[in-house]
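What follows is one structure encoded as structure tokens, with my remarks underneath.
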Amino acid sequence: MLSRVVLSAAATAAPSLKNAALLGPGVLQTTRIFHTGQPSLAPVPPLPEHGGKVRHGLIPEEFFQFLYPKTGVTGPYVLGTGLILYFLSKEIYVITPETISAISTIGLLVYVVKKYGASIGEFADKLNEQNIAQLEAAKQASIKSIQDAIDQEKSQQALVQKRHYLFDVQRNNIAMTLEVTYRDRLHRVYREVKNRLDYHIAVQDMMRRKEQEHMINWVEKHVVRSISAQQEKETIAKCITDLKLLAKKAQAQPIM
């Protein structure tokens, strides 16, 4: 009840005390439920992995260390007992059946925490370690893939830097292709010209041969026509006589 009164009073006085250093962050936070300003860009400190030391499962150790120089070792206990007795004697807090239920529930919770807290904590730590291992594996896989992409990009950049060699080779290949095409066309022209010249030579040879044959046939025909029957008989007789003389000479010569 008192906490609600304090919060309502703080909410009422907060507009005039926004800049006051005495107001805690919790009180100011109640006046900024609909805060829409820019978020702070300051780095958020990491959360502690382990909580601070407490006594009796609830009271922070810093409370005892704060009162120890002034009240001694028993000071915090005397203060707490005195406050409880004061609340009960002044009936600020009235014991009801709900109080018994709360004490029983708190005792049961304390027993469960004392009995199974360590095992539950180990189980939770194991789950946390598994999750961290999975996240770390995913992180390493992502880093590896990014590193592979960087290496591939560097290799591609190295290839790009050597592209002038490729261009030179392509220029040489194109020049060789043009040279081969040029020489092939020259050879084709030479072959066509040679074929045409061979054709003309063959035609001239054939014309010369036909003319010679025609001339021979013509001369032979006219010679045959100019020879009479008497001249033919005399020529035949002369040939026979010559053959006989040759035969006699051949017989008269001794055989070596």
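The values are calculated or read from the model by the stated rules, or taken from the named source; none is laboratory data. What you see is a predicted model, and the numbers here were worked out from it, not measured in a lab. Note that we place each Cβ from the backbone using ideal geometry, even for glycine, and neighbour counts take in every protein chain shown. Surface accessibility is based on the protein's heavy atoms, side chains included, excluding ligands, DNA and RNA. Shrake-Rupley method; radii C 1.70, N 1.55, O 1.52, S 1.80 Å.
For beta carbons closer than 7 Å, sequence separation of 6+ or different chains, a first residue in the range 93-121 that is open to solvent by 100 Å² or more (accessible area, probe 1.4 Å) and a second that is among the hydrophobic types (A, V, I, L, M, F, W, C) and in a helix (DSSP H, G or I), the qualifying pairs are Tyr93/Phe87.
Close contacts from the range 141-163, counting a first residue that is touching a residue at least 40 places away in the same chain (Cβ under 8 Å) and a second that is open to solvent by 70 Å² or more (accessible area, probe 1.4 Å) and of a type in the set (S, T, N, Q), with Cβ to Cβ under 9 Å and a gap of 6+ residues or different chains, come to none at all. Within the range 58-70, if we keep just the residues that are in a helix (DSSP H, G or I) and within 27 Å of Ile103 (Cβ to Cβ), the residue that is most open to solvent (accessible area, probe 1.4 Å) turns out to be Glu62. The residues on offer are Leu83, Leu127, Leu135, and the sole one that is assigned to a helix (DSSP H, G or I), open to solvent by 90 Å² or more (accessible area, probe 1.4 Å), hydrophobic (A, V, I, L, M, F, W, C) and at pLDDT 90 or above is Leu135.
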